[in-house]
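Okay, so here's the structure we're looking at.
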Amino acid sequence: MTSKVTTMRDAVTKHVPDGASVALGCALEPAIPFAFAHELIRQRRRDLHLIGPISDIAFDQLIGAGCVAVVSAAWVGNVSAGLAHAYRRAMEQGIPRPIEVRDHSNFSIAQALLAGALGAPYLPTRSLLGSDIPRANGTFREASDPFSGDALLLIPAITPDVTAIAVQRADEDGNAHLWGPWGVSQEAALAARATIVIADEIVARSVIASDPNRTIVPGTKVTAVVHEPGACHPSPLQGRYRRDHEFFHQYHAATRTPEGFAAWIREWVSEVSDRRAYLAKLGARWGALRDDGVPAALALF
């Protein structure tokens, strides 16, 4: 079997065209593939439709870099610091360009991706009835339950062109293990037309096969495998490295203005060739975030 292992640069070049719908950061607070987002910025992708429940400042960076036309999400911001300045500028001032936002709750984005994974056109819910989210989203439809006659809200399926998920380890076919919260990563991977797995470590097929119940996505759904240690910084990856809280606060302070955002992107993305150079730039700070050991579950297999 031919290996699917490739570089981040080639994965983005081959599988993420302008105008693509892209799901990322679907594990919520941890395992956000910032290295993938940074490569999208370096390659100047345009008119992307971002999909995900949170994704923290990864969405903000892509929006501020002018890569985004549409966002389908439950929240965009900087969890520990507050507002996402680039997102707010895009919404309020159209800087660097206006964006369309389709509001979701965390539950409805999960339903939409699950529907996509199941091949269903929609899934029904009652949870958002009476809220403003259906109006703000614009794609939901009200209906009547054919059995009870009660009101329902129909959440249409989302089938991303590309889903990028970060994991602790994968084999060269893309079978992948993820420790920690999965969020809606599995739903997003199964719903997507193409899935890119970004692995902190590439292991033998036998290692993944030794614990098949932990496999978040089967290799048959994976288009490309990228070996990218440290891909999620400043977010954490359980058992590998911790969250860099101060980095989020520094980003918040630096990006209050368009000029500050542009300077930050130059320093940390545009003028950094790849993730290896990014980690070298972090220096001792990166070493201090690394976990010396691995979770006990990892050591068993």
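ASP56: among the charged types (D, E, K, R) and under 10 Å from the mean Cα position of the chain (by Cα), yes or no?
Taking the combined requirement at face value, the residue satisfies it.
Yes/no matrix, rows are residues, columns are (1) of a type in the set (A, V, I, L, M); (2) under 26 Å from PHE140 (Cα atoms); (3) part of a strand (DSSP E or B):
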{"position": "ILE57", "(1), (2), (3)": "yes, no, no"}
{"position": "ASP60", "(1), (2), (3)": "no, yes, no"}
{"position": "ALA69", "(1), (2), (3)": "yes, yes, yes"}
{"position": "TRP75", "(1), (2), (3)": "no, yes, no"}
{"position": "MET91", "(1), (2), (3)": "yes, yes, no"}
{"position": "ARG97", "(1), (2), (3)": "no, yes, no"}
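Tell me which residues, restricted to the stretch 19-43, are assigned to a strand (DSSP E or B) and farther than 16 Å from VAL197 by Cα.
Result: SER21, single match.
Is it the case that some residue within the stretch 19-32 is surrounded by fewer than 18 Cβ atoms within 10 Å (Cβ to Cβ) and of a type in the set (Ser, Thr, Tyr)?
No; the residues of the stretch 19-32 include none that is surrounded by fewer than 18 Cβ atoms within 10 Å (Cβ to Cβ) and of a type in the set (Ser, Thr, Tyr).
Return only the number of the condition from (1) more than 21 Å from VAL184 (Cβ to Cβ); (2) modelled with pLDDT of 95 or more that GLY130 does not satisfy.
(2)
Pairs needed: first member in the stretch 276-287, within 21 Å of GLU39 (Cα to Cα) and in contact (Cβ under 8 Å) with a residue 24 or more places away in the chain; second member anywhere, buried (at least 16 other Cβ atoms within 10 Å of the Cβ) and of a type in the set (A, V, I, L, M); C-beta distance under 6 Å; at least 6 residues apart or different chains.
Cβ pairs passing all conditions: TYR278/VAL272; TRP286/LEU279.
Answer with yes or no whether ALA164 is closer than 20 Å to LEU113 by Cα and either in the same structural domain as HIS38 (by TED's automatic domain parsing) or out of contact with any Pro (no Cβ under 9 Å at 6 or more places or on another chain) (or both).
yes
Collect the residues in the stretch 77-89 that are crowded, with 24+ Cβ neighbours inside 10 Å and not in a helix (DSSP H, G or I), keeping them in residue-number order.
The one that is crowded, with 24+ Cβ neighbours inside 10 Å and not in a helix (DSSP H, G or I): ALA84.
Can ARG46 be described as assigned to a loop (DSSP other than H, G, I, E, B) and not β-branched (Val, Ile, Thr)?
Judged against the criteria, ARG46 is a match.
Hey, could you check the stretch 1-45 for residues that are within 21 Å of ILE202 (Cα to Cα) and modelled with pLDDT under 95 and say which is farthest from the chain's Cα centre (by Cα)?
Among them, the one singled out is MET1.
The values are calculated or read from the model by the stated rules, or taken from the named source; none is laboratory data. The structure displayed is predicted, hence computed values, not measured ones. A quick note on method: Cβ atoms are made from the backbone with ideal geometry, for glycine too, and the neighbour counts reach across all protein chains shown.
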